[in-house]
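Okay, structure first, notes after.
Rule-based calculations on the coordinates, nothing more; no lab input. Being a predicted model, the structure only gives us computed values, none of them experimental. Here the Cβ positions follow ideal geometry from the backbone for every residue, glycine too, while neighbour counts run over all protein chains shown.
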Amino acid sequence: MNYESARFNMIEQQIRPWNVLTLSVLDALGRIRREDFVPKRYRHLAFADMQIPIGRGQVMLEPKVSARLVESLGSTDGCRILEIGTGTGYVTALLATVGGQVTSIEIDPEQAEAARKNLSEANIGNAEVIHADCFEFCGSGREHSGKYDRVLVTGSLSRLAPVFLPMTTPSGCVVGIQGHDPVMRAVACYPQDHEKSLFETHAPRLINAVETQAFEF
């Protein structure tokens with residue numbers, strides 16, 4: 001496979017048509033070698049418009065979804081960014097490339113170590129991977145409260161804001177996927193309970209997520 005040609009086609013045929021047009025995000029997508037972050041047995045699918053299994057029921061999100069979520073954070077230059085769900089480290093690398101200092105939380109110790117290796121080999125120096133349960137990390141008192149300018153959640157939850165919005169600064173935001181099957185949406189959550197719907201999509205639940213009841217009509 002010609003990886004550079006496949007990367008170009010991914011950007012031009014999947015990502016730009018999904019209205020991802022921010023130059024810094026497009027530049028990061030062109031610079032980060034996605035194929036190096038995909039499990040070896042799926043490397044031939046690195047640029048496919050699909051989720052890729054990475055173990056424990058978790059996935060790498062579709063390239064266009066990853067790109068749109070990163071773009072939805074807005075300007076991150078100089079920001080402190082918290083990522084929930086490191087996975088293979090691909091989105092971590094994108095976040096680190098568009099700017100800011102990234103702290104990424106991964107519950108699976110083997111996955112966390114593999115992500116550290118991937119990031120090191122990609123020469124990403126402004127990202128830290130922490131092995132932890134994100135719910136314990138976010139609930140550990142005031143140590144992390146109000147510390148981050150942006151939070152990106154790569155798995156889904158019934159509602160994002162109650163868990164992750166306390167982690168942000170007063171001008172911060174949380175971007176991720178929330179809802180219940182069969183309807184989930186990517187949203188951006190802001191202080192004062194303001195929430196912006198972004199697009200329909202789907203992602204596996206974060207490990208150890210506590211379910212809340214869906215609304216019934």
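Quick look at the values:
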{"item": "Filtered residue count, segment 116-127, keeping only those that are free of Cβ contacts under 8 Å to residues at least 40 places away in the same chain and not in a loop (DSSP other than H, G, I, E, B)", "result": "5"}
{"item": "Selected residue (criterion: farthest from the chain's Cα centre (by Cα)) from residues of segment 85-95 that are hydrophobic (A, V, I, L, M, F, W, C) and closer than 17 Å to Gln51 by Cβ", "result": "Leu94"}
{"item": "Filter pass, Leu61 being more than 24 Å from Ser156 (Cα to Cα) and out of contact with any His (no Cβ under 6 Å at 6 or more places or on another chain)", "result": "no"}
{"item": "Within segment 163-199, tally of residues that are out of contact with any strand residue (DSSP E or B) (no Cβ under 6 Å at 6 or more places or on another chain) and acidic (Asp, Glu)", "result": "2"}
{"item": "Residues within segment 128-169 that are surrounded by fewer than 20 Cβ atoms within 10 Å (Cβ to Cβ) and not in a helix (DSSP H, G or I), tallied", "result": "14"}
{"item": "Restricting segment 117-127 to residues that are buried (at least 21 other Cβ atoms within 10 Å of the Cβ) and touching a strand residue (DSSP E or B) at 6+ places or on another chain (Cβ under 7 Å), the residue that is nearest to Lys40 (Cα to Cα)", "result": "Leu119"}
{"item": "Subset tally (residues that are under 16 Å from Glu83 (Cα atoms) and not in a strand (DSSP E or B)) for segment 170-203", "result": "1"}
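Yes or no, residue by residue, for (1) in contact (Cβ under 8 Å) with a residue 12 or more places away in the chain; (2) over 15 Å from the mean Cα position of the chain (by Cα); (3) assigned to a helix (DSSP H, G or I); (4) buried (at least 17 other Cβ atoms within 10 Å of the Cβ):
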{"site": "His44", "(1), (2), (3), (4)": "yes, yes, yes, no"}
{"site": "Phe47", "(1), (2), (3), (4)": "yes, yes, no, yes"}
{"site": "Met50", "(1), (2), (3), (4)": "yes, yes, no, no"}
{"site": "Ile54", "(1), (2), (3), (4)": "yes, no, no, yes"}
{"site": "Ser66", "(1), (2), (3), (4)": "yes, no, yes, yes"}
{"site": "Leu69", "(1), (2), (3), (4)": "yes, no, yes, yes"}
{"site": "Thr76", "(1), (2), (3), (4)": "yes, no, no, yes"}
